[in-house]
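None of the figures in this text is laboratory data; all of them are computed from the coordinates on show. Just so it is clear, the model here is predicted, and its values are computed rather than measured. Note that each Cβ is placed from the backbone with ideal geometry, even for glycine, and that neighbours are counted across all protein chains shown.
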Amino acid sequence: MRILITNDDGIDTLGIRLLAAWARKLGEVTVVAPKVEQSAKSHAIELIKNIEIKEVPFMDGVKAYSMDSTPADCVRYGIIGLKQQYDLVLSGINRGINVGVDVVYSGTCGAVFEAARLGVKAIAFSAFPDGQEAASKYFDEVYQYFLEHNLFNENEIYNVNIPNEAKGIRMTYQGSHYYSDDFVPIEGEENMYRQDGEPIPDVCPDDLDRDTVAIHKGFITVTPLLTSRTNMEVFRKYQNK
């Protein structure tokens with residue numbers, strides 16, 4: 001098996017090394033990851049400026065490239081730029097969970113959307129900020145879940161969130177908003193703001209089918225994602241009318 005790995009926290013972070021070290025058990029691993037943090041860059045690619053890409057030391061047996069661009073661009077370079085074919089793309093382990101509406105903003109998830117666009121199956125992995133090492137203990141269990149349920153033949157891309165201590169694995173769907181949103185003025189800097197927010201309780205706190213609930217109840221969440229944003233129900237209702 002040939003595997004491409006990226007993330008949105010940057011190539012020098014713990015999560016991607018934990019993921020790559022585990023993935024080496026499955027086959028040949030190539031890493032293409034952002035030079036610096038690219039959190040919340042979603043599915044963005046760089047079309048305006050030139051991009052620095054260079055091979056860097058990483059770990060024994062793994063060829064790695066640092067790319068001064070987004071996670072989606074890292075996937076594009078790994079497949080298009082390196083002219084390689086892969087059986088699987090892995091993204092993460094993100095420093096912070098990606099659940100609910102946050103999936104739309106997530107660079108970790110943006111990478112797997114681009115993988116699917118280029119015809120490669122993919123999984124995004126996320127954990128709590130202090131839980132990347134704890135999450136890596138469950139990789140074998142999660143991968144076995146995928147194999148047992150033939151998930152790679154059911155859907156192209158998945159979003160997986162892993163708590164520090166897991167009770168089990170649940171198939172989930174995207175919940176609602178996970179963070180409050182605010183623009184906070186920077187003290188002493190005129191006209192300067194930062195975006196901030198705090199986790200908020202889910203509107204359906206007992207629905208374990210929602211990723212925003214199940215992750216906080218101690219379950220590993222596996223959410224099948226789609227690249228299409230077409231509402232097929234509305235399309236079919238008004239097709240040819």
Protection proxy ranking of 40-47, 203-210, 116-123 - average other beta-carbon atoms within 10 Å, highest first: 116-123, 40-47, 203-210
Debye, to nearest 20: dipole size of the stretch 119-191, +1 on Lys, Arg Cβ, -1 on Asp, Glu Cβ: 560
Neighbourhood charge, 15 Å Cβ-Cβ cut-off, centred on M67 and excluding it, Lys, Arg +1 and Asp, Glu -1: -4
Neighbour net charge for D207 - beta-carbon separation under 12 angstrom, K R +1, D E -1: -1
15 Å beta-carbon shell around A115, net charge (K/R +1, D/E -1): -1
Residues of type aspartates and glutamates that K63 reaches as a straight line, Cα spacing below 15 Å, ignoring anything fewer than 8 places off in the same chain: D12, E28, E55
Aspartates and glutamates whose Cα lies under 15 Å from that of K41, excluding same-chain neighbours fewer than 8 positions away: D8, D9, D68, D73, D102, E114
Choice from N191, N164, N98 showing the highest fluctuation, given a GNM over the chain with Cα pairs closer than 10 Å: N191
Loop-located trypsin sites (Lys or Arg not before Pro) in the stretch 67-105, at most 15 other Cβ atoms within 10 Å (DSSP): K83
Listed residues V222, V103, V184, most fluctuating in the chain (Gaussian network, C-alpha, under 10 Å): V184
Computed helical MRE - 222 nm, the chain, DSSP H runs ≥ 4 contributing -39500 (n - 2.57), nearest 500: -6000 deg cm²/dmol
Inter-centroid distance (Cα atoms) of the stretch 25-78 relative to the stretch 86-121, Å: 13
For the stretch 2-238, the fraction of alpha-carbon pairs in successive 10 Å shells from zero, as %: 8, 32, 36, 18, 5, 0
Spin-label model distance (nm) - Y105 vs I200, 7 Å beyond Cα toward Cβ: 1.2
Spacing of the two label points (7 Å from each Cα toward its C-beta) at N150 and K217, in nm: 2.8
Modelled FRET efficiency - R0 22 Å, D140 with D12, Cβ distances, 0.05 increments: 0.30
Largest-first principal axis extents, alpha carbons of the stretch 1-114, Å: 35, 31, 24
Those lysines that a straight Cα-Cα span of less than 23 Å connects to K137, excepting residues fewer than 8 apart in one chain: K25, K121, K167, K217
Overall dimensions of the stretch 118-177 as given by Cα atoms, namely Rg and Dmax in Å: 12.2, 35
